[in-house]
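Have a look at the structure below, then the notes.
Only the coordinates and a few stated rules stand behind these numbers; no lab work does. As the structure is a computational prediction, the values presented were derived from the model and not from experiment. Counting neighbours? That spans all protein chains shown, and the Cβs are built from the backbone with ideal geometry, glycine included.
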Amino acid sequence: MALGRAADRRIMAPKFVLTSMIRTMITRRTITCGLLALVAGGAAATTAPADSAPAPTHATQAVPFRSLQSGSFAELVSARSNQPFLLILWSITCGPCRDEFTLLREVRASYPQLPLVLISTDDINDRDVAATALGNFGMTGEESWIFADDAQRLRYEIDPAWYGELPRAYFYDADHQRKGVSGKLSREQIETWLANTTAEAARAN
């Protein structure tokens, strides 16, 4: 029996040693990881102020959409009496509108005086999605409207000859004679219109 107990102790000894070694390795690894995390955290704290916050993006900026209802379009135009302006109709489902927004942002940078009005043909219930789209393209500072009534009626009030194709633009002169254009605008079209309106204003003065 004594020999049996001795044999059992010899068998258990390697298991005990192995278990102790594993525990030691795990403990050392845990301590090392903790120190590394502490160092990384300290470095981050020294390189960034405690009260720093991520810079706001265009997508987080609110767009104060105005509701375009029956009769609103006539008011929109009359509010700009004797003033030329460029009207842009767009939608969140319109792929080419995104390219046009890129162009408009570039033109706006070159011509801060560009009189621009945006109308989203999306339903007013989609205004949050539309606002995000405008924010992504840096267009949150423009006067913006969104359909808030029967879409067919609103399209007819804007232009009886317009059937809803997008993008759609209208170049208004000071007398509110307008030219409608379907499809993406070019920089040349916008700059030519701006030059003409500037020349007309100079002649009027």
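Per 0.36 nm of contour for each residue apart, how much would the distance between residue 195 and residue 165 grow if the chain were fully extended, relative to their Cα-Cα spacing?
Here the answer is 8.1 nm.
Please work out the C-alpha center-to-center distance from the stretch 114-142 to the stretch 152-183 and express it in whole Å.
The stretch 114-142 and the stretch 152-183 have Cα centres separated by 18 Å.
Using label points projected 7 Å from each Cα along Cα→Cβ, tell me how many nm separate residue 70 and residue 98, to one decimal.
Each label point is offset 7 Å from its Cα along the Cβ direction, giving 3.6 nm.
Taking the simple approach of a point 7 Å from Cα along Cα-to-Cβ for both residue 81 and residue 186, what is their distance in nm?
Going from the residue 81 label point to the residue 186 one covers 3.8 nm.
Check residue 92: other-chain or 5+ apart residues with amide H under 5 Å from its amide H, H built from backbone geometry?
122
Provide the per-residue ³J(HN,Hα) series for the stretch 172-178, in order, calculated from phi with Karplus coefficients 6.51, -1.76, 1.60 and θ = phi - 60°, each as a whole number of Hz, with x at glycine and proline positions.
So the Karplus estimates, Gly and Pro as x, are 9, 8, 5, 8, 6, 6, 10 Hz.
I'd like the projected area of the stretch 83-205, averaged over all directions, using the convex hull of its alpha carbons. Report it in nm² with one decimal.
7.5
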